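These notes are about the structure you will find just below.
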Amino acid sequence: MKKHILIAGGGIGGMISALYLKKAGHDVTLVEKNERLGGRLAFVREKGYKVDEGPTIVLLPDMLKGILHEIGIDESSLDLLQLDPLYTIQYQDGTSYTKYSDILRQLDEIRRVFPKEEQGFLKFMEEMTNRFQEGQQAFLEKSFHEKRTFFTKANMKILMKLKAYRTVQSALKKYFSDERLRDAYALQTLYVGGNPYEASAIYSLVSYSEHAHGIYYLKGGYASLVDILERQLLKMGVEVRQNEEVVQLEFEGKRVVKAKVNDEDIAADAFVINGDYPAALKQLGLVEQDRRKYVPSSGCVMVYLGLNKIYHEAPVHQFFMGEHFDQHMKDVFQTKTIPQDPSFYTFHPSIIDPSLAPKGCSVLYMLIPVPSGDHINWEEETDFVDKMVERLEKRGFPQLRESIVWKKVRTPNDSMREGLFEGGSFGLAPNLFQSGVFRPQVKVAETDNLYAVGASIHPGGGIPIVMQSAKLMASVLLKDLNDRKEVKLSG
């Protein structure tokens, strides 16, 4: 029997959820408070330039393409370019280390930069191959809204094998003796806003996946995916309501019966929250549903630049390490102070994609991990950005400042205003007790028909993983509606 489902929030999780549920034959209403869909997957546009505002590194391409295929989007719609080299890491001492998909090239690079570390790298890749497959099947592809499904002997055995009780940094000591090389395989926890000195060793699988599955670039920018999904929403007949906001949910017992959208009451059979979970619960007055004290991910200061030249020698992705990575992480996650010598990431896609800027020009994006929270008034910290741009010029982009046509800055204060939990850029921090069964699940506890999707929901952050959370959520919701033949959501 056809049911009506209302989704509050048109981020990637909300859009993918809508497409799965519509494909299953239900009426779906997608409500987005902003004038555009896509959430954090957006563009900064200025003077004929455009650059991704948020995510830039396309990981897990098979998961991404597989989910798109299941909701009716052919992979020919995507112009995915594989990057090899993957990226370069620039150390403070002048050393540079480049990562490759090709293992033989990688071994040559390790011999060049970190002699005698080759066997450790081979052991890392070998052990992570089995762990990735087991971890994906056991944790990424399953929901744990029924907690007993997590605490099984098989899962506990896999968690022990994954060394989930250790941190990323400590687990890497088994493979790499050089601290700089450990940093090179630990910094990926920052992709999801986690501290490599605190995040579970499970997240070591991210740096393994870069080598094993590749890093890609979506032509036109990652946010181009939003247009592709929006066309599919319209094609399938999903009702999309932009510039409207779900401001309240009305319960009868444990069941949500209607949502207040602006001043209108809309009844539905099931409801989905696609917002940054703790902040969304608070906004909707649902703190009773979840009283846990959550820890936010890191914040970011992001600097977007339009340039009147192209740096043809610069890799698309680069990491510039500070002298003491561990101190930077302490500043961000423990003392929550402005880092004095931060490591940072740059994205210079114009060398492979001329569509992003006027001819002969380019865009450059700089991301600096900083503390989340509203205790720092970033509007008053203009010196911080100026110093970081100067540092970037010295370390990798000569004559940068004289080449800037325009500059925009985004801080945790902006993220907080836009509804991200405590200004964290990546949802909840990926520490052990906010992962797996301990993370908010796709069905909101103590409710009969309220569901959730997004970076703060299991299995976590990153575009393909958020898409996977939407798939898991749709599967659970459909099962609850007794559409058992659709529960597997296969293509």
Fill in the blank from the handout: When segment 426-478 is checked residue by residue, the ones that are under 14 Å from residue 277 (Cβ atoms), part of a helix (DSSP H, G or I) and in contact with a strand residue (DSSP E or B) (Cβ under 7 Å, 6 or more places away or on another chain) are 434, 473
Problem - Hits in segment 66-79 - residues which are at pLDDT below 95 and of a type outside the set (Gly, Ala, Ser) - result: 74, 75, 78, 79
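Given the residues 155, 262, which is the only one that is farther than 22 Å from residue 455 by Cα and open to solvent by 60 Å² or more (accessible area, probe 1.4 Å)?
Answer to the check: 262.
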Exercise for the section: Pairs only if they're at least six apart or on different chains, beta carbon under 6 angstrom, first in segment 111-129 and within 13 Å of residue 211 (Cβ to Cβ) and among the aliphatic types (A, V, I, L, M), second crowded, with 18+ Cβ neighbours inside 10 Å and at pLDDT below 95; list them, first residue then second. Expected result: 128/208
Fill in the blank from the handout: Checked pairs for segment 146-173, first without any contact (Cβ under 8 Å) to a residue 24 or more places away in the chain, second small (Gly, Ala, Ser) and surrounded by 12 or more Cβ atoms within 10 Å (Cβ to Cβ), C-beta under 6 Å and 6 or more apart or across chains, list as 155/138
Practice task
Identify the residue in segment 286-315 that is open to solvent by 10 Å² or more (accessible area, probe 1.4 Å) and hydroxyl-bearing (Ser, Thr, Tyr) and, among all such residues, is modelled with the highest pLDDT.
Solution key: 311
Exercise for the section: Could you check residue 403 against (1) touching a His at 6+ places or on another chain (Cβ under 9 Å); (2) within 30 Å of residue 358 (Cα to Cα) and say which number it fails? Expected result: (1)
Fill in the blank from the handout: Scanning segment 298-339 residue by residue, the ones that are basic (Lys, Arg) and more than 16 Å from residue 374 (Cα to Cα) total 2
Practice task
Only residues that are in a loop (DSSP other than H, G, I, E, B) and of a type in the set (Gly, Ala, Ser): list them for segment 393-412, please.
Solution key: 396
Exercise for the section: Starting from segment 385-413, keep only residues that are more than 25 Å from residue 92 (Cα to Cα) and open to solvent by less than 60 Å² (accessible area, probe 1.4 Å), then list their pairs with residues that are in a helix (DSSP H, G or I) and of a type in the set (Gly, Ala, Ser) whose Cβ atoms are within a distance under 6 Å, requiring at least 6 positions of separation or different chains. Expected result: 412/423
Exercise for the section: Select from segment 359-384 the residues that are under 26 Å from the mean Cα position of the chain (by Cα) and of a type in the set (Val, Ile, Thr) and write down the one among them that is most open to solvent (accessible area, probe 1.4 Å). Expected result: 376
Practice task
Give me a count of the residues in segment 132-150 that are open to solvent by 50 Å² or more (accessible area, probe 1.4 Å) and in a loop (DSSP other than H, G, I, E, B).
Solution key: 4
Practice task
Collect the residues in segment 78-95 that are within 26 Å of residue 343 (Cα to Cα) and under 26 Å from the mean Cα position of the chain (by Cα), keeping them in residue-number order.
Solution key: 82, 83, 84, 85, 86, 87, 88, 89, 90, 91
Fill in the blank from the handout: Checked against (1) touching a strand residue (DSSP E or B) at 6+ places or on another chain (Cβ under 8 Å); (2) more than 21 Å from residue 109 (Cβ to Cβ); (3) crowded, with 16+ Cβ neighbours inside 10 Å, residue 165 satisfies every condition except (3)
Exercise for the section: Those residues that are open to solvent by 10 Å² or more (accessible area, probe 1.4 Å), farther than 17 Å from residue 266 by Cβ and not basic (Lys, Arg), I need them from segment 15-31; list them, please. Expected result: 24, 25
Exercise for the section: Within segment 413-425, count every residue that is assigned to a helix (DSSP H, G or I) and out of contact with any Pro (no Cβ under 6 Å at 6 or more places or on another chain). Expected result: 5
Handout entry: Conditions (1) surrounded by fewer than 19 Cβ atoms within 10 Å (Cβ to Cβ); (2) at pLDDT 90 or above; (3) in contact with a Ser or Thr (Cβ under 9 Å, 6 or more places away or on another chain); (4) not hydroxyl-bearing (Ser, Thr, Tyr); number of the one not met by residue 432
Key = (2)
Handout entry: Residue satisfying condition, being among the small types (Gly, Ala, Ser), without any contact (Cβ under 8 Å) to a residue 40 or more places away in the chain and either under 30 Å from residue 280 (Cα atoms) or outside any helix (DSSP H, G or I) (or both), within set 94, 14, 25
Key = 94
Fill in the blank from the handout: Flagged in segment 327-358 as of a type outside the set (A, V, I, L, M), assigned to a loop (DSSP other than H, G, I, E, B) and open to solvent by 30 Å² or more (accessible area, probe 1.4 Å), in numbering order, are 334, 335, 336, 337, 340, 341, 358
Fill in the blank from the handout: Screening 256, 247, 272, 226 for residues that are surrounded by 15 or more Cβ atoms within 10 Å (Cβ to Cβ) and not in a strand (DSSP E or B) leaves only 226
Problem - Test: residue in segment 415-426 that is in contact (Cβ under 8 Å) with a residue 24 or more places away in the chain and polar (S, T, N, Q) - result: yes
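The values are calculated or read from the model by the stated rules, or taken from the named source; none is laboratory data. A quick note: this is a predicted structure, and the numbers were derived from the prediction, not measured. Note that we place each Cβ from the backbone using ideal geometry, even for glycine, and neighbour counts take in every protein chain shown. What goes into the accessible areas is simple: the full protein's heavy atoms, side chains included, and nothing from ligands, DNA or RNA. Shrake-Rupley method; radii C 1.70, N 1.55, O 1.52, S 1.80 Å.
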